[in-house]
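Take a look at the structure below.
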């Protein structure tokens, strides 16, 4: 191979004219420069143009700088999907601080933990969450930890309880900022833009650090993987605190779209906002879509344009995909984790799928798919050999990602970071198979696999069967200890409102009918031995908390 | 500002899992992995799927490596818009060599110059260009310079004259390559992917070196600025040798589109291919669009779907924009230069423009616009102060770009590189104004301004007036030396076929009528004093070669 000097590396260096750090902040400038008057945010009666969003973000950044906030500092927010939350996605990084989005459903002790671990110097919090925040701050104070300066958001659209906790309200705070402050670009595109704690089911949460480069690329990647048009009207059913709303606050700047804010997920409100603002796009976990599917048809009347929905989640049930098709909503299935900025794999559709039988379409579209154009790899590897598993739809391995849309690592946790990145891939902890077309299909979280008589049972497969029963609104299957088989599947089921059993006898009959139904769809050893009706515990993003169900089963076994 | 250690820079480094060099080569893998069977290339009766394009590109890369081609080497191509040209955009960089696309209309001496200056080791050339290539190689040999190894492309779709010049034909060459060679990603995204010589009007051409990072970003930028859907059918009216076809060979991989090849620009052929393959998109210089506008209506019959056209060029005449609207084609106006990878500014449309009077729409859409989402800046600066000119539509300055879609620099020409990047901006040499909305409108090349009695006259403004006359097919205005005024405008006009004057008297009357027509639209001092009818000299990309007209005027003045 050539050993002569490379002429293409002589006198051709980076300079201010030909290289700038990639950052989604430049997308805000694009939208505000080119579409300054266009509506960027709708919240109740409030309308903000892209020029206003930029001005407010600049004021926020400037006011933070005046508080001595900058490089290496953390600004936490505990906010619903409101204008201040959208602005924080620009204003906080424009001050060179890192945006720490706190899950608004966390308990006070966990909020105290993440505020302390992240060393957050400022907390911008909506009054609705004051009860939790107040206790968290008291805990920090009692422990002699740093207590962040609180900026209260007193949203005119919120009239519920909750006191102000800090010395200044958000609008007053940003009014004191300088509208002509242009904001600071990152020094390096590898610098952090965001910090998002994962809701680990065991142990302390881990702080996922994401960088400007990845945020920029995934913001564009959403446009590519969803074929997002210019000027979409986007309804915020997905919490912005969740993986920075899958990067959509930044994506919407790249297409000069409109954000329709939403403080809480409610079917009547969602359909009403869709109708009023002619919403074209929304995202969410399967539970959001199921909610819409189950809503009375009257709520949906008048929505006669194509609404596009993006759904993610470890395993959206097949019945949900089918339900959306029936609803006339066009669903794109994506997959990801906080560590990969939300969705960075997508189940890209093929034209010839549309002519297949519906059940087959559902199976094809229900897969996690493969990498987007901005990610480098998403596949299933044998974690021992790091070789791709055979494309047989059978051999399980661990789903792994690599590429530019992968976190920097976990904050102050080099051990977890190294483990996550072992052998040059990000290990998701999700188990899956590869189909012949290279698409990934999740089978389970490693810890959710049920091993019965030495055979692996995918809890997702059993849940898919349960969802096909008309009475089932939501289902979760976990392992129940069994003296003979080691483990057997046990189902927890949330019933639809119109299928509640009248009495204990009807309940027993329904449970039996559901088990019989599973036998039609599954090998007998995979069928649940017991079906229990209950409201399923869910995280704020709609993920069913299986560890709580598992704990319930374990304690019952211990007693029993 | 904080002086404590930045926790977001501790133990959070780049590694193989979270950082890969940006390169459009990963887009080929995306298309070939996810849509392997989908049609990527149509050429006559030939169909190539994305899997085949990847396989052929890999073979090409592997065969080049076997010739000891690699890092820092240059592979030249002199090819029309055919499958080997599309493959070269992937296969050459996959060998780590730099793709040098030669303008197929260049004369032998210039071809010899660029082959020598770039130190091209291999030349892949279509048989059609053998007469020129043969002479160029003879010149190199005579000068004792390196003569590249020639690989002939003997395209079955070409039955014209031209001998084979090298020892091996392209198909045999790539058949000898290894289809399982995965290709090499660049070591660094700042590494060169392409070399494109600008057709300078004076002096030797300069070699513009473009990098993987910019090629990747502009490939995605085309999708964003044109709202390109998944799976477009793209007709290759724009030469791929011109700024790498504005990055579209790579863009089409990012959306798994289909390339319809085209060896030469011909209205009947273009409409026939559009009809046969249901072409959805094409790009070109104004002359291509004018050709289609002027074509007999019968040629266009049956094309009843919306065709989207992208037009670039220093100044597409307003009449062309109007003509396209009449044709029913949706035109997006973009702007750029070889140094910024083709288009990296766009005239983004606003919804409210559509309700304005047509003439106003034409004016609005006829501007160069502003930066795309992947570029950082495009504006008009006073080159002395480097301050933005007032947004008054009047004050002229130099159009400048900066950002990630700007070349590395000029090969082996540090002086020109430094001049081009002075003060942190890429200086285009184009003169323009800023409109109140921040959109750039080109006024002229610096050297094309006519100074008459101390007043600047924009040759573009005069040409715009000329184009509004029904007899005018193409027009170019240059300065004519004048004893009294210094300079006055002189017009060269190419007439439409159906407006050719019958005799000298009719010609003189038409010239006078055109001058009168200009007086309706322009201040009197801006009107041409003379109109000469002639076929205008054009570059291969359709740019009118004003320097030839200027030379004609000068020599006439010298004689007269």
Here, residue A:350 and residue A:187, labelled 7 Å along Cα→Cβ, have an inter-label distance in nm of 4.9
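By count of other Cβ within 10 Å, fewest leading, how are B:425, B:190 ordered? Before the final figure, lay out each step's value.
Working: B:425 24, B:190 20.
Going from least to most buried by this count: B:190, B:425.
Name the shape class, rounded, prolate or oblate, that the alpha-carbon gyration tensor gives for region A:1-148, where a ≥ b ≥ c are the square roots of its eigenvalues, rounded holds for a/c under 1.5, and otherwise prolate holds if a/b is larger than b/c and oblate otherwise. Spell out each step's value before the answer.
On the way: a/c = 2.90, a/b = 1.51, b/c = 1.92.
Cα axes put region A:1-148 in the oblate bin.
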Semi-axes of chain A from the Cα gyration tensor (sqrt of 5 times each eigenvalue, largest first, whole Å) come to 39, 28, 25
Inter-copy distances for residue B:330, nm, shortest first, label points 7 Å along Cα→Cβ, are 1.3
Distances in nm between the label point of residue B:552 (7 Å along Cα→Cβ) and its equivalents in the other copies, shortest first, are 8.7
Using alpha-carbon coordinates alone, the radius of gyration and Dmax of region B:124-235 in Å work out to 18.5, 51
The answer for the per residue Cα convex hull volume of region A:311-376, in Å³, is 84
Under the rule rounded for a/c under 1.5, else prolate if a/b exceeds b/c, else oblate, using alpha carbon gyration tensor axes a ≥ b ≥ c, region B:259-364 is classed as oblate
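Would you list A:119, A:423 from fewest to most Cβ contacts within 10 Å?
Numbers: A:119 18, A:423 13.
Ascending number of Cβ neighbours within 10 Å: A:423, A:119.
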Taking Cα atoms, the helix A:108-117 axis meets the longest principal axis of chain A at an angle in degrees (rounded to 10) of 50
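Can you sort A:158, A:282 from fewest to most other Cβ atoms within 10 Å of each residue's own Cβ? Let's see the in-between values first.
Values: A:158 17, A:282 27.
By the 10 Å Cβ count, ascending: A:158, A:282.
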For the protein assembly as shown, the Cα-Cα pair-distance distribution in 20 Å bins from 0, as whole percents, is 11, 39, 34, 13, 2, 0
Simple spin-label estimate for residue A:272/residue B:295, 7 Å along Cα→Cβ, in nm, reads 5.5
Distance in Å, no decimals, from the C-alpha centre of region B:368-386 to the one of region B:48-106 is 33
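Any idea what the relative contact order of chain B is, in percent, if you count C-alpha pairs under 8 Å spaced at least 6 apart? Show your work: numbers first, answer last.
Numbers: 1159 pairs, mean separation 58.5, N = 560.
Relative contact order, chain B: 10 percent.
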What helix-only [θ] at 222 nm does chain B give? Using -39500 (n - 2.57) per DSSP H run of at least 4, over all residues, to the nearest 500, the answer is -9500 deg cm²/dmol
Taking region A:312-451, the equivalent ellipsoid from its C-alpha gyration tensor has semi-axes in Å, biggest first, of 27, 16, 14
For residue A:142, inter-copy label-point distances (7 Å, Cα→Cβ), nm, shortest first, read 9.5
Region A:435-478 and region A:235-311 have their Cα centres apart by a whole-number Å value of 27
What a careful reader reports for the chain A Cβ nearest the rotation axis onto chain B, distance rounded to whole angstrom, is A:220, 3
Under the 7 Å Cα-to-Cβ spin-label approximation, residue B:135 and residue B:502 lie apart by a distance in nanometres of 4.2
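Averaged over peptide A:18-31, how many Cβ atoms belonging to another chain are found within 10 Å of each residue's Cβ?
Details: counts 22, 10, 7, 2, 6, 1, 0, 0, 8, 3, 0, 3, 9, 1.
For peptide A:18-31, the averaged partner shielding equals 5.
Once you sort the root eigenvalues of the Cα gyration tensor of region B:373-426 as a ≥ b ≥ c, which label holds: rounded (a/c under 1.5), prolate (a/b larger than b/c) or oblate (the other case)? Kindly include the intermediate steps, with their values, before the conclusion.
Numbers: a/c = 3.14, a/b = 1.61, b/c = 1.95.
It is oblate, given that a/c is not under 1.5 and a/b is not larger than b/c.
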Rounded to whole Å, √(5λ) for the Cα gyration tensor eigenvalues of region A:481-522, largest first, gives 24, 13, 10
To the nearest 10 degrees, the tilt of helix B:212-226 (Cα long axis) against the first principal axis of the alpha carbons of chain B is 50
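Bear in mind these aren't lab numbers, they're just calculated from the coordinates by the rules spelled out. Keep in mind the model is a prediction, meaning the values are calculated, not measured. Cβ atoms come from the backbone with ideal geometry, glycine included; neighbour counts cover every protein chain shown.
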